[in-house]
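Visitor: Sharing a structure below in structure tokens format, with a few things to ask.
The values are calculated or read from the model by the stated rules, or taken from the named source; none is laboratory data. A quick note: this is a predicted structure, and the numbers were derived from the prediction, not measured. Just the protein is used for accessible areas: all its heavy atoms, side chains included, with ligands, DNA and RNA removed. Shrake-Rupley method; radii C 1.70, N 1.55, O 1.52, S 1.80 Å.
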Amino acid sequence: MKKVIGLCLLLSCQVSNILAINNGVDVPINEYPWFAKALLGSNPNEYWGGCGGMLVAPDWVLTAAHCTIDIDFTAWQIGALSNPIRGHNGGQYNEILTAEYQLEHPDYNKNNYDNDFALVKLTQESTITPVEMDLSGVVNSYTESKKLWSIGFGKPYPDWLQHVELSFVPKQTCMDKYSDLGSLFSNIADHQMC
């Protein structure tokens, strides 16, 4: 199981449909047991809400604020590995837990995705072990040779959780190379990663 070094490994924002899991491969069973899939519907597990997150405490999911700002997800599938929701989940254990409330970062900026974080409180604790997060600030030592993993269901939505290995891109390189894609890439904050 991989350790999460930064939220960017899991959460990706969609900008004019250019960002998603592309060229990903199927995730092995139990690689990311803490992966959480947002669910909507009158029945809490009726259909996928289009966003993912990670279990960071037994009753808290960390996700992107751009996912929750206008949507109240009814539940989260912890340990999500495959679609459809009502299935055997590829043989991986999972739990569907009802969402109690969600909190977006107070300084979230929908124009440049700054502080794009939200916490979702679950109505009960999951028995699945939360993700092990790096709290030591190791990201400050990254170079272009550092390999990171991005995970999600991507587009067009595959039936199995995907992951793809990516190289870390220094802030200035990112701004120089991708600024023609829009303002999101022309002004990356010090606490953001490319």
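Visitor: What are the ³J(HN,Hα) values, in whole Hz, obtained from phi via the Karplus relation 6.51 cos²θ - 1.76 cosθ + 1.60 with θ = phi - 60°, for each residue of the stretch 108-117 in sequence order, with x given for Gly and Pro?
Guide: Going residue by residue, I get 4, 10, 6, 7, 10, 6, 5, 6, 7, 10 Hz, with x marking Gly and Pro.
Visitor: Starting from the Cα of LYS147, draw a straight line to each of the aspartates and glutamates and keep only those under 19 Å, dropping any in the same chain fewer than 8 residues away.
Guide: Output for LYS147: ASP26, GLU31, GLU132, ASP134, GLU165.
Visitor: Ordering ILE69, ILE151 from largest to smallest accessible area (1.4 angstrom probe), what's the sequence?
Guide: ILE69, ILE151
Visitor: Below 19 Å, Cα to Cα, which aspartates and glutamates can LYS171 reach? Residues fewer than 8 away in the same chain don't count.
Guide: Straight-line reach from LYS171, under 19 Å: ASP114, ASP116, GLU144, ASP180, ASP190.
Visitor: Whose amide H sits under 5 Å from the amide H of TRP60, counting only residues 5 or more places off or on another chain, with H placed in the peptide plane?
Guide: Residues meeting the amide H criterion: LEU122.
Visitor: Same structure again: Using the Kirkwood radius built from alpha carbon pairs, what does the Stokes-Einstein equation give as D for the stretch 34-175 at 37 °C and 0.692 mPa s, in µm² per second?
Guide: It diffuses with D of about 203 µm²/s by this estimate.
Visitor: So, with a 1.4 angstrom probe, what is the percent of accessible area on the stretch 86-146 that is carbon and sulfur?
Guide: 48
Visitor: Convex hull over the alpha-carbon atoms of the stretch 58-101: what's its volume per residue in Å³?
Guide: So the per-residue Cα hull volume is 90 Å³.
Visitor: Also, quick follow-up: To the nearest 10 square angstrom, what accessible area does GLU95 show with a 1.4 Å probe?
Guide: Accessible area of GLU95: about 20 Å².
Visitor: For the stretch 56-79 and the stretch 109-142, what is the separation of their C-alpha centers, rounded to whole Å?
Guide: Each part's Cα centre sits 11 Å from the other's.
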